[in-house]
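The values are calculated or read from the model by the stated rules, or taken from the named source; none is laboratory data. What you are looking at is a predicted structure, and each value in this text was computed from that prediction instead of being measured. With ideal geometry, Cβ positions are generated from the backbone for all residues, glycine too; neighbour counts draw on all protein chains shown.
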Amino acid sequence: MTSLLLWISNARWMVYIRDSSFGMPALQSVHLVGLTMLLATMLVLNLRLAGLTMMDWSLPSLERQLRPWALGAIAMVIASGIIMFLGNPAKYLASYPFLFKMTALSLAILFQVRVLRRLPVAEAGSRPRRTDVVVAALALTLWFAVGWAGRAIAFV
């Protein structure tokens, strides 16, 4: 596996992206736009789950409206993240914030998918249960941990 990662990181197209003056900044910009879109959709959805906003929308209806944005955002984040990782895999694999970010991302996706499976039970105007507030808070903590860990990669 290491030899494959090393081969990809030294491929002509990857060297061009990594070493050009605009390649990596452009890629990081795409990554940040995707992360912002993803966090925005998760924030809106989980704030509704907690009963803090958009109470006139049913959770399933709101989720259907946000799904294309969330899926597009996660595709942007994962695609750009993979390319950034391939630029210097040894650096990222040795980075604790990167490993934490990948763990938090995996947990956030799995947790959010589990949360979305139970959305059809909540109707427009319904008051959230105490567990809904806890679930929303946990989901948002996981999603923002992904963003915070990503930012820490540059400093640790």
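May I ask you to verify whether residue 154 is at pLDDT below 90, hydrophobic (A, V, I, L, M, F, W, C) and either part of a helix (DSSP H, G or I) or exposed (fewer than 13 other Cβ atoms within 10 Å of the Cβ) (or both)?
yes
How do the pairs read when you match residues in the stretch 20-49 that are under 17 Å from residue 78 (Cβ atoms) with residues anywhere that are outside any helix (DSSP H, G or I) and among the small types (Gly, Ala, Ser), using Cβ under 7 Å and keeping only pairs 6 or more apart or on different chains?
Qualifying pairs under 7 Å: none.
Does any residue of the stretch 50-68 turn out to be over 23 Å from residue 129 (Cβ atoms), in contact with a helix residue (DSSP H, G or I) (Cβ under 6 Å, 6 or more places away or on another chain) and assigned to a helix (DSSP H, G or I)?
No: the stretch 50-68 contains no residue that is over 23 Å from residue 129 (Cβ atoms), in contact with a helix residue (DSSP H, G or I) (Cβ under 6 Å, 6 or more places away or on another chain) and assigned to a helix (DSSP H, G or I).
When the residues of the stretch 63-81 are narrowed to those that are touching a His at 6+ places or on another chain (Cβ under 8 Å) and not hydroxyl-bearing (Ser, Thr, Tyr), which ends up surrounded by the fewest Cβ atoms within 10 Å (Cβ to Cβ)?
76
Evaluate the stretch 82-103: report whether one residue or more is surrounded by fewer than 17 Cβ atoms within 10 Å (Cβ to Cβ) and closer than 24 Å to residue 48 by Cβ.
No.
Name the single residue, out of those in the stretch 134-151 being surrounded by fewer than 18 Cβ atoms within 10 Å (Cβ to Cβ) and out of contact with any Leu (no Cβ under 8 Å at 6 or more places or on another chain), that is modelled with the lowest pLDDT.
Only one residue fits best here, namely 134.
Write out, first by first residue and then by second, each pair whose Cβ atoms fall under 8 Å of each other, whose residues are 6+ apart or on separate chains, and whose first residue, in the stretch 1-15, is touching a residue at least 60 places away in the same chain (Cβ under 8 Å) while the second is surrounded by 13 or more Cβ atoms within 10 Å (Cβ to Cβ) and basic (Lys, Arg).
9/18
It is to be established whether one or more residues within the stretch 20-41 are out of contact with any His (no Cβ under 7 Å at 6 or more places or on another chain), outside any helix (DSSP H, G or I), farther than 30 Å from residue 131 by Cα and among the hydrophobic types (A, V, I, L, M, F, W, C).
yes
Those residues that are under 20 Å from residue 107 (Cβ atoms) and surrounded by 20 or more Cβ atoms within 10 Å (Cβ to Cβ), I need them from the stretch 44-62; list them, please.
Residues satisfying the conditions are 45, 46, 49.
Which of (1) under 20 Å from residue 112 (Cβ atoms); (2) within 18 Å of the chain's Cα centre (by Cα); (3) surrounded by fewer than 17 Cβ atoms within 10 Å (Cβ to Cβ); (4) among the polar types (S, T, N, Q) does residue 41 not meet, given it meets every other one?
Just one mismatch for residue 41, condition (3).
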